[in-house]
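Okay, so here's the structure we're looking at.
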Ligand SMILES: [Zn+2]
């Protein structure tokens, strides 16, 4: 029983994501765990790999809170480079700090 149930002040709880009533919500548990990009801070750094290769590593965006495959695809396209998901971080081959910062900011993430 909710407070004000059955009165004009009774506002049924709605889902923040799809805007439907909680009872009609179509969001999966995974979607509900998502966090708005504006509330997340991505950290960028360069790492040296074997054979002197450089990769740009993006940390701070977890797999639970984000659609990492989608973010990775955007970054790969923007940089024209390959990349992978390593647990809760993304790796893009090469030094793409500036472009990745631009892309993440465009999506709405805060970047350190
Ligand atoms: Zn929903």
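Each residue in the stretch 69-93 was checked for being surrounded by 16 or more Cβ atoms within 10 Å (Cβ to Cβ), more than 12 Å from the chain's Cα centre (by Cα) and in a strand (DSSP E or B), and 4 of them qualify. For the stretch 94-108, taking the residues that are outside any helix (DSSP H, G or I) and under 14 Å from residue 45 (Cα atoms), the one that is nearest to the chain's Cα centre (by Cα) is identified as 96.
Condition first: without any contact (Cβ under 8 Å) to a residue 12 or more places away in the chain and more than 13 Å from residue 64 (Cβ to Cβ). Now tell me which residues in the stretch 17-39 satisfy that. Correct list: 18, 19, 20, 21, 22, 23, 24, 25, 26, 39. Looking only at the stretch 25-38, decide whether some residue is more than 16 Å from the ligand (Cβ to nearest atom) and not in a loop (DSSP other than H, G, I, E, B). Among the residues of the stretch 25-38, at least one is more than 16 Å from the ligand (Cβ to nearest atom) and not in a loop (DSSP other than H, G, I, E, B), which makes the answer yes.
A short reminder: the numbers here are calculations on the coordinates, not readings from a lab. Only a predicted model underlies this, so the values are computations on that prediction, with no experimental measurement involved. Every residue, glycine among them, receives a Cβ derived from its backbone with ideal geometry; neighbour counts consider all protein chains shown.
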